[in-house]
Amino acid sequence: MDLAGVKRLLQLNEFDEFRLHAYENAKLYKEKAKRWYDKHIQHREFEPGQEVLLFNSRLKLFPGKLKSRWAGPFVVVGVRPHGAVELHDTSSSGTFLVNVQRIKHYLCGDIARHKTSVDLAYA
């Protein structure tokens, strides 16, 4: 009976060591994954007067075949603390607040389109 009790205590101690080892491995994995994800975050800063695009998250319910989920451009009116940005719609006179994670910089301007003609000759 004493031998079985000692064996049971050894098994419990081994189980505790295994659990602590698994906890440490999970902690190391989470720290490594957090470092990797944090390294790939794009830090975007917005200033009043910039043009931005707004992500339409409701479009996935009724997606068009070639319809973009980005709407805009909108003009940044003000930047509020904790990730809020006030936008102005150029087509209407209203302003609204959005989360900074829903917008991205609008890099394109007005594109000057030139008409060109190409003569196709048969060889």
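When the range 98-110 is filtered for residues that are assigned to a strand (DSSP E or B), open to solvent by 40 Å² or more (accessible area, probe 1.4 Å) and within 15 Å of G49 (Cα to Cα), the ones remaining, listed by number, are K104, H105. Out of all the residues in the range 60-108, which are modelled with pLDDT under 80 and at positive phi? Answer for the range 60-108, where residues must be modelled with pLDDT under 80 and at positive phi: just G72.
Would you say L87 is open to solvent by less than 70 Å² (accessible area, probe 1.4 Å), under 15 Å from H105 (Cα atoms), among the hydrophobic types (A, V, I, L, M, F, W, C) and in contact with a helix residue (DSSP H, G or I) (Cβ under 7 Å, 6 or more places away or on another chain)? Spelling it out, it is not the case that L87 is open to solvent by less than 70 Å² (accessible area, probe 1.4 Å), under 15 Å from H105 (Cα atoms), among the hydrophobic types (A, V, I, L, M, F, W, C) and in contact with a helix residue (DSSP H, G or I) (Cβ under 7 Å, 6 or more places away or on another chain). Residues in the range 36-60 that are part of a helix (DSSP H, G or I) and surrounded by fewer than 10 Cβ atoms within 10 Å (Cβ to Cβ): 7 in all.
The values are calculated or read from the model by the stated rules, or taken from the named source; none is laboratory data. Please read these numbers as outputs of a predicted model, since none were measured by experiment. Please note: Cβ atoms are built from the backbone with ideal geometry, for glycine as well, and neighbour counts cover all protein chains shown. Remember, those area values only see protein heavy atoms, side chains included, never the ligands or the DNA or RNA. Shrake-Rupley method; radii C 1.70, N 1.55, O 1.52, S 1.80 Å.
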